[in-house]
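Data first, discussion second: the structure below is written as structure tokens.
The values are calculated or read from the model by the stated rules, or taken from the named source; none is laboratory data. Predicted model, so just to flag it, every value in this text is computed and none were measured. Cβ coordinates were reconstructed from backbone atoms using ideal geometry, including for glycine residues, and neighbour counts include every protein chain displayed. Only protein heavy atoms, including side chains, enter the accessible area calculation; ligands, DNA and RNA are left aside. Shrake-Rupley method; radii C 1.70, N 1.55, O 1.52, S 1.80 Å.
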Amino acid sequence: MQHSAFIGRTSKVLRSYFPILEWGAKYTGKTFGNDMIVALIVTMMLIPQSLAYAILAGLPPEVGLYASMAPLLLYAIFGSSRALAVGPVAVASLMTAAAAGQIASQGTPEYLGGAIALAMVSGLLLLAMGFLKLGFLANFLSHPVIAGFITASGLQIAAGQLSPVLGIHAEGESFLDIVISLSRTIGHIHTATAAIGIGSLVFLFWVRSGLKPLLIRFGMSAKISDILVKIGPVIAIITTILIVAGLGLADKGVRIVGKVPGGLPKIAIPPLDMALWIKIIIPALLISIVGYVESISVALTLAAKKRQRVDPDQELIALGAANIGSAISGGFPVTGGFARSVVNFDAGAETPAAGAFTAAGIALTTMFLTPLLFFLPNATLAATIIVAVLSLVNFSALKHAWSFSKADFAAMAVTILITLIEGIEPGLIAGVALSIVLHLYSTSRPHIAIVGQIPGTTHFRNVKRYTVVTDPEILSLRIDESLFFPNARFIEEYINMEVSSNPDIRNVILECPAVNAIDLSALESLEAINLRLKDGGITFHLSEVKGPVMDSLKRSHFLEKLTGKVHLTQFNAVSSINPGLAQQTLNSQQAPIPGSTE
């Protein structure tokens, strides 16, 4: 019996760390067919993206293909999402370029080694966070910060890709630097390159907005039309390759990808230089967390549509394994891509095996089709990147944040401005720091309401929002925040101010329905409040204290020294002091309750 139970527990643990054991046991021929079709579609989409994002990261194009094989296979083994498509993405590529650029110049072996080391360190960090259940760390990247960072990154990436689209030279670490550099060389546009680049841009933008309605008019289903729209870059690549090769434009100054080494990547241990690892630990951590936030957001969104489950901590492990796989196969940091994952989902991916089959497709491309990429113009790849990243730019989020929360607007705006002016890492760090500071400031000044009894009920509500009955000798306060060190002194001062301004008060009741925790600093403040009120002849009561909070108070001496009592409800507290008024209010006509919240 014990042996059977041990086997059962072991099996459960293995399935939690290796989700492939769960869905693999139910794999059928029909599922295989569906996953193969999805893999074919995603492979066609991933090939141009892999090449483009490698160039965006400042790496040879084949490195993008390398980063699209082992990571997909490993994610299929460890990933808990059925639809997430892992691989190179724009923001991670830009962050890789920024980090590796601090180590060496692009095109050098040291630069490539730095990018590979970034993938390795990022993978190890993600694995550690997964095993230690530290997925909550991603919460420090609030949605406004992420939205602002992605918007600014999208603008910077798009600006940087105008250089190869127009055939001019531009460089810079930030959006501002790139724009200044572009302004100095804009007069030297290469005509043939610009024709290809701008033509590709126009075509790709038209594909996104105009191809689907055209296909539907010809009788094609909306689902298939959506998929064909996603592989528009493949059409642009094939067309411009034929144009460049047919017209001999490479000899006329149009920059091309050139020879892309064929064959599978060699498995090798990444650079084990501890000094290098220490230098890139912060960029690797930022890449890890940003990538994880993007991945888990996409995974959870798609899983909800089919009522599937995604394990956030297991996703950390899966992404960690994927990045380590990318590193040992000569790739750079990878994560889950939004566009590819949506295509994966819409095309009907049933299991992560679709990603493994996509890796096989990329492997076949690397082995046999790379000679066909020789005449691929850099301008087309740059146009592909611009169209992809401009969909990430969302200034409407600023307007929404302004109307909803000025603090969130400030965090988003600062993230955007610092990223555009100073660069990727400073912008992200500034956004996170400001979010934490604003959160601490907000929690240091919690909402406190003076409450009274609504006639005809036992409910107590804010005197500023409702028609309520109060007793001038009772100060009823409701605090809408847990009590801890940043707000402890504020609560002390608030009660002191209210008591000193009203000499009729003989009882203070602190209603605590929203108090989920009390730390030692707050406990000392409560003790100080109780002592000061006692010295002034005022009794201090608590009401609606939650069980875990009550357990904490029982472990202290506070309840022994409390001049009043801890009451189950606010109505009970008031009834114990002035039962006549409480009962009279309960029996009176109920006042209309405003539709606004408290």
Along its principal axes, what span do the Cα atoms of the chain show, with the longest given first and each in whole Å? 97, 73, 60
Computed from the beta carbon distance with a Förster radius of 35 Å, FRET efficiency for PHE404 and ARG506 to the nearest 0.05 stands at 0.25
Going out from 0 in 5 Å bins, what whole percent of all Cα-Cα distances in segment 401-458 drops into each bin? 4, 18, 17, 17, 12, 7, 7, 6, 4, 4, 3, 1, 0
Write down the Å³ per residue value for the convex hull defined by the alpha carbon atoms of segment 4-120. 115
Based on the mean of other Cβ atoms within 10 Å per residue, sort peptides 78-84, 502-508, 318-324, 422-428 so the most packed one is first. 318-324, 78-84, 422-428, 502-508
Quotient of Cα radius of gyration and Kirkwood radius for segment 462-598, i.e. Rg/Rh, equals 0.96
Determine the dipole magnitude for segment 384-500: charges of +1 sit on the beta-carbon of Lys and Arg, -1 on that of Asp and Glu, nothing else is charged, the reference point is the Cα centre, and the result goes in debye to the nearest 20. 360
Magnitude of the Cβ-charge dipole of segment 13-158, K/R +1 and D/E -1, about the Cα centre, nearest 20 debye? 460
Please check which bits of segment 313-337 a label hung off ALA268 would reach, taking the label as a point 7 Å along Cα-to-C-beta and the cut-off as backbone N under 12 Å. 328-331
Accessible surface, the chain, averaged per residue in Å² (probe 1.4 Å): 46
If R0 is 22 Å, what FRET efficiency do you get for LEU228 and VAL202 from their C-beta distance, rounded to 0.05? 0.75
Report, in whole Å, the centroid distance computed from the Cα atoms of segment 459-474 and segment 296-346. 52
Got the relative contact order for the chain handy, in percent, Cα pairs under 8 Å and 6 or more residues apart? 21
Equivalent-ellipsoid semi-axes (√(5λ), Cα gyration tensor) for segment 95-195, whole Å, largest first? 33, 19, 10
By DSSP, what percent of the beta bridges with both residues in the chain are antiparallel, rounded to the nearest 5? 45
Post the alpha-carbon centroid distance, segment 517-592 to segment 207-247, in whole angstrom. 69
Relative contact order [Cα under 8 Å, 6+ residues apart], segment 509-565, whole percent: 48
How large is the helix-only mean residue ellipticity at 222 nm for the chain, computed as the sum of -39500 (n - 2.57) over DSSP H runs with n ≥ 4, divided by its residue count, in deg cm²/dmol to the nearest 500? -20000 deg cm²/dmol
When N counts the residues of segment 192-250, how does its alpha-carbon radius of gyration compare numerically with 2.2 N^0.38 Å, as a ratio? 1.29
Rh_Kirkwood(segment 66-141) over Cα pairs, Å, one decimal, evaluates to 14.1
Once the in-chain neighbours fewer than 8 apart are removed, the lysines whose Cα is under 19 Å from LYS30 read LYS306
Give the shape of segment 273-402 as rounded, prolate or oblate, defined through the alpha-carbon gyration tensor: a ≥ b ≥ c are the square roots of its eigenvalues, a/c under 1.5 means rounded, and otherwise the shape is prolate if a/b is larger than b/c and oblate if not. rounded
Candidates per trypsin sites (Lys or Arg not before Pro) in segment 120-208, loop by DSSP, up to 11 other Cβ within 10 Å: LYS133
Among the lysines, which have Cα under 19 Å from the Cα of LYS305 when same-chain residues fewer than 8 positions away are ignored? LYS223
Based on the Cβ-Cβ distance of LYS252 and LEU214, what FRET efficiency does E = 1/(1 + (r/R0)^6) give at R0 = 41 Å, to the nearest 0.05? 0.75
How many percent of the accessible area of the chain is carbon or sulfur, using a 1.4 Å probe? 64
Could you give the angle, 0 to 90 degrees to the nearest 10, between helix 485-500's Cα long axis and the longest principal axis of the Cα atoms of the chain? 30
Candidate lysines - alpha carbon under 29 Å from LYS561, same-chain residues fewer than 8 apart omitted: LYS534, LYS546
Under unit Cβ charges (Lys, Arg +1; Asp, Glu -1), what dipole magnitude, rounded to 20 debye, does the chain have relative to its Cα centre? 1560
Counting residues in segment 429-530 as N, plug N into 2.2 N^0.38 Å and put the Cα Rg over that result. 1.21
Run the numbers for MET36 and ALA360: contour at 0.36 nm per residue of separation, minus the present Cα-Cα distance, in nm. 115.6 nm
